[in-house]
């Protein structure tokens, strides 16, 4: 792990000079439960995509809604909202 | 040329803000601060001040607007009092954490309840740790001067920190005093236009106020603490320049007949004037009493206090704020902490007086000093005493 900056080395008042760098922060590692999609049940309605509070669902080449595990925090809203029970939450393991 | 005129101190404050040529004012009226912002709104309406005056629905919004304006690089001013300060307290910590050089006039007023509009210093003491530079004015001229100085101090690249100038509600804000109002030709060289080092700009994008994880937070707070303490030499430098330009001197603690004093009264704000009168009377009686009027509260002028008060036998602190259930008045507690590790330290006697507009007359200061001397002599010093309360 890289050395953390000292108080003198940190930017003035924590200003971030690099716009949009939050994409580098992979919030997916907060997750304890992982949404898993069953493609057989999915009808591509896109409700999971609409409800996801973290915009962590994208549409793949085939038109399926796919979870981006780099940013999905595992809140479970997609699983709760899916009208076809195509998403289930499973425990994250090592 | 400067004009010396009889003017309400609140209006004097507004005149200073007008001369500072502020870009944005966002304020909500509250007694006894109202005259300051009312007059500023007139200045803008009458075309004397080219400024965005944002009328807001609360003090929380006032400070939020000020933060946005200051972050965008505007010279920014607001004013409030008491409950209004409490309502903006959430934003005060953010303004200092983001190091935005906002200037605020705080017309010190009691925190309710019981409901009161009168003055004391319980409002400013309630936000002691909010990270702003805090100075106390004790007369109208100081209000005018310190308001202008505040912009220069806050905006200095070595400081970049918001600043509060306290003036006592009613005892200062609503009285008419002779004030020397400088003109623009005199003010402009002292206070050139604000050139922000960091600002929100769509062409040079940066982010302020980002989320911080525990492994960074303490370092940022250390940086802020060092910056606030580091403002001290800049404040002295600005005060020195002020004296050279305009002939009026400012010090972190303003001493009066204190050189050989065995007993020194410590107080902040307008009541210093009455304390001075009491000192003169006691000196006439042959008592070695002096006064230290506290001008700078944050950064706390530790070295000045240890140097100037360390030789006294008794330091009598008169706090116009009650730390309910605490170990003493806020200023007294701080002085005790400053002296605790010193070999030679004065007896520090804490009185809480002058709450919610109640006067402390000169003979009452004399009685306070007499009581303090007795407690110190008997070696039985209470943590604090509420002076003049009917039993």
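Quick notes on this structure:
- Packing around the peptides B:377-390, B:238-251, B:141-154, taken as the average count of other Cβ atoms within 10 Å per residue, puts them in this order, highest first: B:141-154, B:238-251, B:377-390.
- Once you divide the Cα radius of gyration of the protein assembly as shown by 2.2 N^0.38 Å, the number left is 1.20.
- Equivalent ellipsoid dimensions for the range B:56-174 as semi-axes, Å, which come from the Cα gyration tensor, largest first: 22, 17, 11
- Size-normalised alpha-carbon gyration radius of the range B:229-345, reference 2.2 N^0.38 Å: 1.10
- DSSP assigns beta bridges within chain B; of those with both partners inside it, close to 25 percent run antiparallel.
- Using alpha-carbon coordinates, inclination of helix B:214-246 to the longest axis of chain B, degrees: 80
- Angle between chain B longest axis and helix B:9-19 axis [Cα atoms, degrees, rounded to 10]: 40
- Principal-axis analysis of the Cα atoms of chain B puts helix B:59-71 at an angle of about 60° to the longest axis.
- Each part gets one Cα centre, and for the range B:324-391 versus the range B:51-65 those centres are 39 Å apart.
- Average 1/r across all pairs of distinct alpha carbons in the range B:65-117, invert it, and you get the Kirkwood radius: 11.9 Å.
- Beta bridges per DSSP with both ends in the range B:239-391, % antiparallel, nearest 5: 20
- Inverse mean reciprocal Cα-Cα distance (Kirkwood Rh) of the range B:173-242, Å: 16.8
- Pairwise FRET efficiency - residue B:341 versus residue B:285, Cβ, R0 = 41 Å, nearest 0.05: 0.70
- Shown here: the range B:128-184, whose C-alpha atoms stretch 35, 31, 11 Å along the first, second and third principal axes, sorted largest to smallest.
- Legend: P(r) of chain A from all alpha carbon pair distances, 10 Å bins from 0, whole percents, reading 15, 38, 23, 15, 9, 1.
- Here the gap between residue B:378 and residue B:94, fully extended at 0.36 nm per residue and compared with their Cα-Cα distance, gives a gain of 97.5 nm.
- Each label point was placed 7 Å from the Cα along the Cα-to-Cβ direction; for residue A:40 and residue B:249 their separation is 9.1 nm.
- Sorted into 5 angstrom bins from 0, the C-alpha pair distances of the range B:1-99 split as 3, 14, 24, 24, 20, 10, 4, 2, 0 percent.
- Mean residue ellipticity, 222 nm, helices only, chain B: the sum of -39500 (n - 2.57) across DSSP H runs of n ≥ 4, divided by residue count and rounded to 500, is -13000 deg cm²/dmol.
- Across chain B, the fraction of Cα-Cα pairs farther apart than 27 Å, rounded to a whole number, is 48%.
- Share of pairwise Cα separations in the range B:127-246, more than 16 Å, in percent: 70
- Residue list for the range B:174-209, given a label point 7 angstrom along the Cα-to-Cβ vector of residue A:11 and an amide N cut-off under 16 Å: B:197-209
Where a number appears in this text, it was derived from the coordinates with a stated rule and is not lab data. Owing to the predicted nature of the structure, the values given are computational and were not obtained by experimental measurement. Quick reminder, even Gly has a Cβ in these numbers, built from the backbone with ideal geometry, and neighbours come from all protein chains shown.
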